[in-house]
1. For the range 15-38, what are the residues that are of a type in the set (A, V, I, L, M) and modelled with pLDDT of 85 or more?
2. Take the residues in the range 38-59 that are among the β-branched types (Val, Ile, Thr) and within 23 Å of ALA70 (Cβ to Cβ), then tell me which one is surrounded by the most Cβ atoms within 10 Å (Cβ to Cβ).
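The values are calculated or read from the model by the stated rules, or taken from the named source; none is laboratory data. This structure is a prediction, so every number in the text was calculated from the model and none was measured. Quick reminder, even Gly has a Cβ in these numbers, built from the backbone with ideal geometry, and neighbours come from all protein chains shown.
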Amino acid sequence: DQGATPNIPPKCNRKWKPCFSKRLYRERNLIERFFSKLKHFRRVATRYDKLAANFLAMIQLASMRLWMRAYESTA
């Protein structure tokens, strides 16, 4: 357990609906899409690096590239 709580939307036909935060669900979606984009980098997806420090460096490089791609000019 890493302190995370599940945030699953309830079915519409249930009488009792558990707690559900739309804000948390939206943030979770952003994070899931980010991990999906990271896995498009072959080196990250197959984990060529044996050392954790090298793998972390590659994750950081891929993250910077994704961030720069999101903010580059279209003109």
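1. LEU30, ILE31, LEU38
2. So, considering only residues that are among the β-branched types (Val, Ile, Thr) and within 23 Å of ALA70 (Cβ to Cβ), the one surrounded by the most Cβ atoms within 10 Å (Cβ to Cβ) is VAL44.
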